[in-house]
Each structure stands twice: as structure tokens, then as C-alpha cells.
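All remarks here apply to the structure that follows.
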Amino acid sequence: SNILTEIPLVMKTNFDPVADVKPVTMVARASMVLVAPASVPANDVKGLIGHLKTVKGGKGNFASYSTGTSSHYAGMIFASKNGLDLTHVPFPGSPPALQQLMSGQVDLMFDGMATSLPQIKGGKLKAFAVASKTRSVHQPEVPTTAEVGLAEIEFTNWVGTVVSATVPADIVSKMNIATVKAAMSPKVRDRLIAAGFEPTVSESPDKLAQMVKTDIERNAKIVKAFNIHINQ
């Protein structure tokens with residue numbers, strides 16, 4: 001979903017995510033999780049903030065998997081809400097960002113659960129909060145951002161099917177029914193869960209289109225508030 005709701009806000013694209021694209025259905029969600037190096041002497045968000053303030057004087061840095069993404073947004077909001085002066089360090093994707101995070105070159109990151117989960121399970125990263133309304137099925141012991149006083153940080157990308165806006169509504173409806181049926185099959189659900197996703201299907205193409213519009217509007221306000229540009 002970041003292709004529709006984030007990238008067009010900071011990069012020139014050859015499509016309008018609302019006028020040119022028609023969502024069919026989502027098949028899974030990918031929660032975002034606040035992670036830090038396993039070496040950090042903190043076990044909760046309060047302790048992580050305290051560490052940054054007492055040991056680093058309120059300064060430090062945070063990684064993202066690209067400028068203008070929810071990974072970037074979440075880090076900016078986290079710093080702002082907690083009175084921290086954190087430098088944004090963007091990377092071309094999660095893998096290189098996580099490498100620097102695990103080595104301690106970067107202090108923290110909001111990353112997708114799917115990419116961070118193996119490192120969390122391997123003891124190379126600590127998970128502090130999940131940026132969603134509900135706890136993750138993959139890390140149920142990790143609190144949500146709302147539970148730790150950071151309800152403003154709620155970012156969950158979804159994976160699904162989209163088509164050209166020129167596709168007739170009756171075809172979109174048939175595709176929706178077929179895709180939902182496939183996505184709900186035990187084999188597909190097991191594969192999605194194994195990959196770190198949470199199987200989730202949307203109710204209808206129209207409701208998913210409205211969700212895309214809502215996310216674009218929310219993200220546009222964040223981009224404006226923090227004056228985010230692609231060269232940051």
C-alpha cells in the first residue's frame with residue numbers, strides 16, 4: 001500500500017493513486033514495530049527514551065527503509081513526541097538499515113514486522129512497540145504504541161490486489177470474490193503467517209478505496225508538518 005499512499009507524496013509518479021488505480025482487496029497486513037539493537041540497556045519504550053536522554057543527551061539517530069515512508073514518519077513523530085533530537089538516516093530498503101541497526105550504528109527504527117521478526121527471534125534486535133491498534137500475532141507480548149502513550153504512531157501497510165481504474169466494476173467484484181476465497185484458504189494463510197504477515201481481507205473494493213484515500217490524506221499532513229522531501 002505504500003506505493004499508493006506514501007511514495008506519490010514525495011516522488012513524481014506517472015499515476016494518480018486515487019484516479020488511476022482501483023483497489024480490489026487486501027490479503028494481508030504488515031505491522032510496523034519499533035526495534036533497537038539487542039545491546040540497548042532498556043526493555044520498554046520508557047527505558048529506551050530514558051537511555052537516549054541520559055546516555056546520549058537526547059540526541060541520536062533513527063533509520064528508515066526510505067525517505068517519505070511510514071518508517072520515516074513514525075521515527076519523526078517518535079522523536080517529536082518525546083523531545084528527542086534524532087537524525088533521520090534513510091536506507092534503500094530494510095535489509096541494509098537493519099544491518100546498521102544491529103551493529104549499533106543506528107539507535108532505533110520503525111520497521112515492518114515481516115523483515116524484523118527473524119532478527120527479533122534471533123536475539124539481535126529488541127522489539128519495544130507495535131505501531132497498530134492491536135497487538136501482533138507474531139509478538140503478542142509486545143505492547144502497541146497506544147498502550148505506551150504513542151497512539152499517534154499507527155502505521156500498518158497492506159498487501160493486496162489493485163487494477164487499473166478502467167477495469168469495469170463487475171470484473172473488479174468478481175476478482176474481489178476470487179481473491180478473498182484464495183487468500184482465506186489454509187495453505188495461503190499459513191504461507192502469509194510464516195512470512196511475517198497477518199492474513200486480512202478487506203470488506204469491499206469501495207471500502208478499500210476509501211481507506212487508501214484516508215491514508216493519503218493522513219500521510220500528506222505528516223509530510224507537510226515535518227517538511228519531508230526525498231533528499232532528506
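Tell me which residues, restricted to the range 177-232, are assigned to a strand (DSSP E or B) and of a type outside the set (D, E).
In the first step, residues of the range 177-232 are kept if they are assigned to a strand (DSSP E or B); the result is 198-199.
Matches in the range 177-232: P199 only.
Answer with yes or no whether G57 is open to solvent by 40 Å² or more (accessible area, probe 1.4 Å), within 21 Å of F226 (Cβ to Cβ) and part of a loop (DSSP other than H, G, I, E, B). Don't jump to the end; show me each part of the working.
Values: open to solvent by 40 Å² or more (accessible area, probe 1.4 Å): yes; within 21 Å of F226 (Cβ to Cβ): no; part of a loop (DSSP other than H, G, I, E, B): yes.
No; evaluated as a whole, the condition is false for this residue.
Restricting attention to the range 202-218, does a residue exist that is free of Cβ contacts under 8 Å to residues at least 60 places away in the same chain, farther than 17 Å from V159 by Cα and not polar (S, T, N, Q)?
Yes: the range 202-218 contains one or more residues that are free of Cβ contacts under 8 Å to residues at least 60 places away in the same chain, farther than 17 Å from V159 by Cα and not polar (S, T, N, Q).
Test V159 against the stated conditions and say whether it is outside any helix (DSSP H, G or I), open to solvent by 40 Å² or more (accessible area, probe 1.4 Å) and farther than 27 Å from F128 by Cβ.
Numbers: outside any helix (DSSP H, G or I): yes; open to solvent by 40 Å² or more (accessible area, probe 1.4 Å): yes; farther than 27 Å from F128 by Cβ: no.
Criteria not met by V159.
With respect to R218, determine if the residue is over 30 Å from D16 (Cβ atoms) and either at pLDDT 95 or above or open to solvent by 30 Å² or more (accessible area, probe 1.4 Å) (or both).
Working: over 30 Å from D16 (Cβ atoms): no; either at pLDDT 95 or above or open to solvent by 30 Å² or more (accessible area, probe 1.4 Å) (or both): yes.
It is false that R218 is over 30 Å from D16 (Cβ atoms) and either at pLDDT 95 or above or open to solvent by 30 Å² or more (accessible area, probe 1.4 Å) (or both).
How many residues are touching a Ser or Thr at 6+ places or on another chain (Cβ under 6 Å) and either open to solvent by 40 Å² or more (accessible area, probe 1.4 Å) or modelled with pLDDT under 95 (or both) when one looks only at the range 67-93?
1
Quick one: count up the residues across the range 118-133 that are assigned to a loop (DSSP other than H, G, I, E, B) and hydrophobic (A, V, I, L, M, F, W, C).
Filtering the range 118-133 down to residues assigned to a loop (DSSP other than H, G, I, E, B) leaves 122-124, 131-133.
Adding the requirement that they be hydrophobic (A, V, I, L, M, F, W, C) leaves 131.
Qualifying residue count for the region: 1.
For the range 186-215, what are the residues that are modelled with pLDDT of 95 or more and open to solvent by less than 40 Å² (accessible area, probe 1.4 Å)?
If the condition is that a residue be modelled with pLDDT of 95 or more and open to solvent by less than 40 Å² (accessible area, probe 1.4 Å), then no residue fits.
Among the residues of the range 219-230, count how many are farther than 17 Å from I3 by Cα and touching a residue at least 24 places away in the same chain (Cβ under 8 Å).
Matching residues across the range 219-230 total 1.
Considering each residue of the range 1-25, count those that are assigned to a loop (DSSP other than H, G, I, E, B) and open to solvent by 30 Å² or more (accessible area, probe 1.4 Å), and give that number. Break it down stepwise before answering.
The initial filter retains those residues of the range 1-25 that are assigned to a loop (DSSP other than H, G, I, E, B), namely 1, 6, 11-20.
Okay, now just the ones that are also open to solvent by 30 Å² or more (accessible area, probe 1.4 Å), so 11-16, 18-20.
The number of residues fulfilling the criteria is 9.
Identify the single condition in (1) of a type in the set (A, V, I, L, M, F, W, C); (2) open to solvent by 10 Å² or more (accessible area, probe 1.4 Å); (3) out of contact with any helix residue (DSSP H, G or I) (no Cβ under 6 Å at 6 or more places or on another chain) that L52 does not satisfy, given that it satisfies every other one.
Exception for L52: condition (2).
The conditions are (1) crowded, with 19+ Cβ neighbours inside 10 Å; (2) in a helix (DSSP H, G or I), and S136 fails exactly one of them. Which is it?
Answer for S136: the failing condition is (2).
Anything in the range 102-153 that is under 15 Å from S64 (Cβ atoms), of a type outside the set (F, W, Y) and touching a Phe, Trp or Tyr at 6+ places or on another chain (Cβ under 9 Å)? List them, or say none. Steps first, answer last, please.
Applying the first criterion (under 15 Å from S64 (Cβ atoms)) to the range 102-153 yields 105-112, 115-116, 131, 153.
From what's left, of a type outside the set (F, W, Y): 105-109, 111-112, 115-116, 131, 153.
Result: V106, D107, L108, M109, D111, G112, T115, A131, I153.
Which one of these is touching a Pro at 6+ places or on another chain (Cβ under 7 Å) and within 22 Å of S132 (Cβ to Cβ): S70, S64, S31? Write out each step before concluding.
On the way: S70 fails: touching a Pro at 6+ places or on another chain (Cβ under 7 Å); S31 fails: touching a Pro at 6+ places or on another chain (Cβ under 7 Å).
Result of the check over S70, S64, S31: S64.
Just to be sure before I move on: is V148 in a loop (DSSP other than H, G, I, E, B) and in contact with a helix residue (DSSP H, G or I) (Cβ under 9 Å, 6 or more places away or on another chain) in the structure I sent?
On the way: in a loop (DSSP other than H, G, I, E, B): yes; in contact with a helix residue (DSSP H, G or I) (Cβ under 9 Å, 6 or more places away or on another chain): yes.
So V148 passes the test.
Exactly one condition in (1) outside any helix (DSSP H, G or I); (2) modelled with pLDDT under 95 is not met by A114; state its number.
(1)
The values are calculated or read from the model by the stated rules, or taken from the named source; none is laboratory data. For clarity, every value in this text was computed on a predicted model and none was experimentally measured. Don't worry about glycine lacking a Cβ; one is built from the backbone with ideal geometry, like all the others, and counts go over all protein chains shown. Please note that ligands, DNA and RNA were not included when accessible areas were found on the heavy atoms of the full protein model with its side chains. Shrake-Rupley method; radii C 1.70, N 1.55, O 1.52, S 1.80 Å.
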